[in-house]
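I have placed the structure first, in the form of structure tokens, so that the comments after it can refer back to it.
The values are calculated or read from the model by the stated rules, or taken from the named source; none is laboratory data. This one's a predicted model, so the numbers in the text were calculated from it and none came from an experiment. Ideal geometry is used to build each Cβ from the backbone, glycine not excepted, and the neighbour counts take in all protein chains shown. Side chains included, ligands, DNA and RNA excluded: accessible areas come from the protein's heavy atoms. Shrake-Rupley method; radii C 1.70, N 1.55, O 1.52, S 1.80 Å.
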Amino acid sequence: MNKYVIGLDYGSDSCRAVVINVATGEEQASSVKYYTRWKKGLYCNPSKNQFRQHPFDYIEALEVSVREALAKCAPDVAPNVVGIAFDTTGSTPVLIDKEGLPLALRPEFKENPNAMFVLWKDHTAIQEAAEINELAKKWEVDYTAYEGGIYSSEWVWAKMLHILREDPSIRSVAYGWIEHCDWMPALLTGKTKPAEIVRGRCAAGHKAMWLEEWGGLPSEEFLCALDPLLKGMRSHLFEKTYPGNTRVGTLTEEWASRLGLSKQVAVAVGAFDCHYGAVGAEIVPGAFVRVIGTSTCDIMVCSYEEMNNRLIPGICGQVDGSVIPGMVGLEAGQSAFGDLYAWFKDVLSWPVKQLVSKSRLIDDTVKEQLIEEITERIIPELSSEAENIPVEESVLLATDWVNGRRTPDANQLVKGTITGLTLGSSAPLIFRALVEATAFGSKAIVDRFIENGIKINEVIGIGGISLKSPFVMQTLADVLGMPIKVARSEQACAFGSAMFAAVAAGCYATVEEAQQAMGQGFAKEYYPSEKSHAFYMKKYKEYLKLGKLTEENFFTER
């Protein structure tokens with residue numbers, strides 16, 4: 001009898017559930033559920049880089065997406081689901097009480113953004129990250145050493161400290177914290193008490209400065225020196241962490257009923273979307289996997305022999321077993337990729353939304369339809385026109401730091417720039433410069449790996465942009481000077497989760513076996529143009545100069 005697993009991918013805006021045949025990797029059905037409160041813009045303040053998500057959004061999305069996906073399957077599928085696994089954005093943590101309950105689920109904090117999950121792109125903790133970096137460099141142990149040497153405001157300790165400082169009302173009940181990717185398996189298995197929670201190696205190693213060699217998390221002395229508000233929290237957290245092939249437990253009776261599944265369904269350890277996405281894209285040593293969406297996350301795996309105890313500066317960490325057990329997982333990425341294009345679309349669509357909505361020539365229904373049609377066509381039209389501009393006529397230059405810089409060398413204070421503007425600078429020309437900027441930011445990451453002795457044999461793209469934007473992907477290939485393969489699955493992250501679910505359920509002994517059996521291959525490959533690459537290498541040098549100029553002279557303080 002066929003067996004099935006469910007992979008759940010929690011992105012920035014929605015949850016995606018896929019039902020997969022364990023033996024063949026064939027997708028049986030999928031469903032996407034957008035977060036209701038998030039979609040309304042609740043609890044967020046973009047002007048302050050505050051982005052919070054309510055745990056109820058996650059719970060509701062889980063139940064609806066799984067049930068909808070199963071409803072699309074044959075009747076014999078649900079009874080034969082044997083495993084489930086999660087990937088989420090990260091670092092997306094929340095403060096919890098002594099019972100392990102996210103504070104926003106307590107009645108007194110249900111509308112308090114500080115009691116909610118702090119989304120990965122929340123940059124309210126810039127000051128706290130700077131303090132962590134300053135103290136770490138003075139301490140006898142540099143706890144940032146395996147996280148690229150620079151701690152980011154996107155990561156858990158900075159975020160949790162910022163909230164504790166900002167909101168005295170929650171201090172008395174804030175017992176610890178949990179990452180979104182760890183909370184979902186805990187919720188479904190009933191292992192939500194702080195001492196019972198099974199913590200994933202991925203989140204702990206890449207974002208919480210966890211390392212087995214120095215006893216787990218940073219020492220109590222270090223945390224108290226950072227701020228006395230953290231006193232005692234370390235003892236409420238964890239020492240051990242586990243790779244994604246670990247079985248957390250099985251579904252509770254409540255969740256088996258809510259999802260329409262058996263109580264025997266195995267639940268795997270959770271991890272970040274990019275890490276499981278890389279597995280879904282069939283990552284192997286030498287492959288540079290790019291999860292390309294609103295931001296990018298870049299993943300590699302290396303043998304212990306290749307790493308040879310080296311430390312790569314300025315990336316988002318190197319963690320044993322964070323991607324594939326038995327290998328070192330490396331992470332980098334850009335804080336904005338698709339978000340940069342979305343920003344430009346919003347700029348261009350502002351007058352459309354404002355003026356059309358006030359028009360007296362058409363009724364309200366037509367107004368809404370017209371605004372929707374125009375805004376949806378902006379990026380495709382820009383891409384078409386920008387693609388037709390000869391590469392040598394692409395004279396504008398931009399940096400991609402509109403949401404700060406994740407890597408190389410995290411700095412959330414830097415800002416995006418555009419230079420070379422004239423009265424003849426058209427919207428497609430500006431858009432092309434923005435696309436090139438994201439490609440230049442990508443090359444800076446690739447160069448950092450290569451400069452530190454990490455071999456890159458191939459580039460693999462996954463995510464919506466890789467499948468839907470040939471112009472962006474071709475530009476990226478031309479800048480990198482490398483072919484780029486695009487994973488066939490539209491839901492590579494959820495597919496990776498499904499592979500881990502299959503291992504946790506005992507269907508495969510290793511992640512590599514699951515990849516071989518369930519992998520879906522590649523849909524397309526982009527090859528670089530030698531002429532375009534030569535042009536872009538000259539322009540890339542200018543990008544580096546512009547970046548250095550702006551970082552050293554402008555936008556260094558709030």
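Below is a table of values for the structure above.
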{"read-out": "Flag for ALA17 being under 26 Å from GLY519 (Cβ atoms), more than 21 Å from the chain's Cα centre (by Cα) and hydrophobic (A, V, I, L, M, F, W, C)", "value": "no"}
{"read-out": "Conditions (1) over 23 Å from ALA336 (Cβ atoms); (2) part of a helix (DSSP H, G or I); number of the one not met by SER383", "value": "(1)"}
{"read-out": "Test: residue in the range 113-130 that is in contact with a helix residue (DSSP H, G or I) (Cβ under 8 Å, 6 or more places away or on another chain), open to solvent by 40 Å² or more (accessible area, probe 1.4 Å) and modelled with pLDDT of 95 or more", "value": "yes"}
{"read-out": "Residue ranges of helices (runs of 4 or more DSSP H) in the range 393-511 with at least 2 members open to solvent by 30 Å² or more (accessible area, probe 1.4 Å)", "value": "427-451, 464-468, 470-480"}
{"read-out": "Count - residues of the range 1-55 that are polar (S, T, N, Q) and under 21 Å from GLY277 (Cβ atoms)", "value": "8"}
{"read-out": "Residues of the range 326-368 classified as part of a helix (DSSP H, G or I), of a type outside the set (Val, Ile, Thr) and over 30 Å from ILE462 (Cβ atoms), total", "value": "8"}
{"read-out": "Scan of the range 192-209 for residues that are assigned to a loop (DSSP other than H, G, I, E, B), open to solvent by less than 20 Å² (accessible area, probe 1.4 Å) and in contact with a strand residue (DSSP E or B) (Cβ under 9 Å, 6 or more places away or on another chain), ordered by number", "value": "PRO194, ILE197, ARG199, ALA208"}
{"read-out": "Residue among ILE163, ILE150 that is open to solvent by 10 Å² or more (accessible area, probe 1.4 Å), closer than 23 Å to LEU230 by Cα and β-branched (Val, Ile, Thr)", "value": "ILE150"}
{"read-out": "Listing of strands (runs of 3 or more DSSP E) fully contained in the range 2-96 that carry 2 or more residues being of a type outside the set (A, V, I, L, M, F, W, C)", "value": "4-10, 14-21, 27-34, 81-88"}
{"read-out": "Check on TYR536, within 18 Å of MET482 (Cα to Cα), surrounded by 19 or more Cβ atoms within 10 Å (Cβ to Cβ) and aromatic (Phe, Trp, Tyr)", "value": "yes"}
{"read-out": "Selection status of VAL323, buried (at least 24 other Cβ atoms within 10 Å of the Cβ) and in a loop (DSSP other than H, G, I, E, B)", "value": "yes"}
{"read-out": "Members of the range 444-472 found to be over 19 Å from ASP273 (Cβ atoms), at pLDDT below 95 and in contact with a strand residue (DSSP E or B) (Cβ under 6 Å, 6 or more places away or on another chain), listed by number", "value": "GLU458"}
